[in-house]
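So the structure is just underneath, and the comments pick up after that.
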């Protein structure tokens, strides 16, 4: 075996190990902040700034929706920081201390809800997010793809 062949095999082996570690590396940890902090959701060249605050029980009635548990709501502001963005309301969920997740109520228009229509760069909107809490009370709100949390707002930072 020549020096070149050994060098090439060693380089390919190292590349394989590096490739395997990239494939097995977990997602980046979520950005955890206190309620009221602004966090960025980045989707390629599009950036949306979200601010979530004031998670609390709610007495609001949502037309056509009967909660299975207690309704909670949180204030949310979405701002287009780069590009024309569309607020991704369905990516929000409330989370209890024990890990229970309560997806956002996203069945048609909700009272004072965040408008999901596209926003040009620099524009912002404020509204409400609602969660049907059927167990332990939530302590935070997450922006998630249902597998990984990307942004987290909580009172326990």
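The values are calculated or read from the model by the stated rules, or taken from the named source; none is laboratory data. Please read these numbers as outputs of a predicted model, since none were measured by experiment. Here the Cβ is made from the backbone with ideal geometry for all residues, glycine too, and neighbour counts use every protein chain on show.
Remarks
- The selection criterion, being farther than 15 Å from residue 32 by Cα, buried (at least 18 other Cβ atoms within 10 Å of the Cβ) and touching a residue at least 60 places away in the same chain (Cβ under 8 Å), holds for residue 133.
- Per the conditions (1) under 22 Å from residue 30 (Cβ atoms); (2) at pLDDT 95 or above; (3) assigned to a strand (DSSP E or B), the sole criterion not satisfied by residue 87 is (3).
- Taking the stretch 136-157 as the range and being at pLDDT below 95 and loosely packed, with under 14 Cβ neighbours inside 10 Å as the test, the residues that pass are 145, 146, 147, 148, 155, 156, 157.
Each row is one residue, and each column tells you yes or no for (1) surrounded by 12 or more Cβ atoms within 10 Å (Cβ to Cβ); (2) modelled with pLDDT under 80; (3) closer than 28 Å to residue 155 by Cα; (4) under 20 Å from the mean Cα position of the chain (by Cα).
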position	(1), (2), (3), (4)
18	no, yes, no, no
40	yes, no, yes, yes
49	yes, no, yes, yes
63	no, no, no, no
82	yes, no, no, yes
95	yes, no, yes, yes
104	yes, no, yes, yes
113	yes, no, yes, yes
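- In the set 108, 135, 99, only one residue is over 16 Å from the mean Cα position of the chain (by Cα) and on the phi > 0 side of the Ramachandran plot; that residue is 108.
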